[in-house]
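The block underneath contains the structure these notes are about, expressed in structure tokens.
Read the figures in this text as sums done on the coordinates, not as results from a lab. The model shown is predicted, which means the values in this text are computed figures rather than measured ones. Backbone-built Cβ (ideal geometry, glycine too); neighbour counts: all protein chains shown.
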Amino acid sequence: MTNPKKRTAILISGRGSNMKSLVEAARRPDYPAEIVVVISNRPDAPGIVWAKDQGIPALAMDHKLYESRAHFEGQIQSVLAASRVDLVCLAGFMRLMTPAFVESWRDRMLNIHPALLPAFKGLDTHARALEAGVKFAGCTVHLVRPEMDEGPILGQAAVPVLPDDTAVTLGERVLAAEHLLYPRILELFAAGLITVNGNKSSIVSDVNGLWAQFSPQI
Ligand code: GRF
């Protein structure tokens with residue numbers, strides 16, 4: 001018997017292009033995760049409209065309308081429980097969650113960050129990468145821990161920094177890499193092919209020739 005697909009929620013705050021890449025990858029019949037719900041903390045997030053158009057249950061839960069952070073997170077937990085979610089993918093989700101929430105999803109919640117962690121945590125990663133003069137930039141998918149942009153690295157993709165790059169052009173190149181990396185890492189992780197020991201992960205074996213570290217030709 002084949003393993004059941006991991007029921008996966010995606011949390012967004014805006015455009016949702018990484019969400020799209022996960023949704024599109026998960027359409028493959030043999031993909032080991034299915035996207036069962038999309039939640040946005042911003043009611044005006046363009047991504048929520050797209051998800052609804054695809055027929056995916058998509059909810060706007062405006063954090064400003066809840067009396068406390070605990071109440072907001074409690075409602076999210078209720079939706080995740082009702083959708084029988086196994087894995088949570090943060091994709092441009094711009095709310096920091098409490099340690100209690102994060103710990104309740106320990107080793108079951110992934111995030112994508114637009115830099116090669118542990119360099120350039122936080123915001124404005126591309127401008128800071130250019131300022132630092134790095135020759136490679138990229139993106140990281142990692143397990144979420146209570147500290148921002150911390151947690152075991154599951155996979156990374158590197159792209160070159162070109163001489164005339166601006167934060168915008170570099171950001172576009174990194175985003176194209178994000179759209180390749182996140183579906184690939186979710187595939188490996190949901191299939192149980194990545195093990196985590198302390199702060200380090202390793203690939204048990206590859207699936208469909210996928211690897212968790214690469215430099216895409218983009
Ligand atoms: C991406 O660059 C992601 O790495 C970061 O926020 C951005 C979200 O973009 N965490 P999108 O909403 O997925 O298009």
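Structure remark: mean-square fluctuation, Gaussian network model of the chain, C-alpha springs under 10 Å; the largest value among N199, N41, N111 belongs to N199. If the elastic network links every pair of Cα atoms under 10 Å, which of S201, S17, S40 fluctuates the most in the Gaussian network model of the chain? Maximum fluctuation in the GNM of the chain, among the listed residues, is at S201. Remark: the A119-A82 segment gains 9.6 nm on full extension, using 0.36 nm per residue and subtracting the alpha carbon distance. Taking amide H positions as modeled 1.01 Å from N, with prolines and chain starts lacking one, the residues under 5 Å from A33 and 5 or more places away or on another chain are K6. Along the axis of the charge dipole computed for the chain (Cβ charges of +1 for Lys and Arg, -1 for Asp and Glu, origin at the Cα centre), the listed residues P183, W105, M94 are led at the positive end by W105. Amide H contacts under 5 Å for S201: I153, restricted to partners 5 or more places along the chain or on a different chain, H placed in the peptide plane at 1.01 Å from N. Taking a straight Cα-Cα cut-off under 30 Å and skipping sequence neighbours fewer than 8 places away in the same chain, the lysines within cross-link reach of K6 are K20, K52, K121, K200. Starting from the Cα gyration tensor of the range 1-105, take the square roots of the eigenvalues, sort them a ≥ b ≥ c, and report rounded, prolate or oblate (rounded when a/c is under 1.5, otherwise prolate if a/b is larger than b/c, else oblate). In terms of gyration-tensor shape, oblate. For the range 151-174 versus the range 61-124, the inter-centroid distance based on Cα atoms is 23 Å. Which one of L117, L65, L130 has the biggest mean-square fluctuation once the chain is modelled by GNM with Cα springs under 10 Å? Most flexible of the set in this elastic network: L65.
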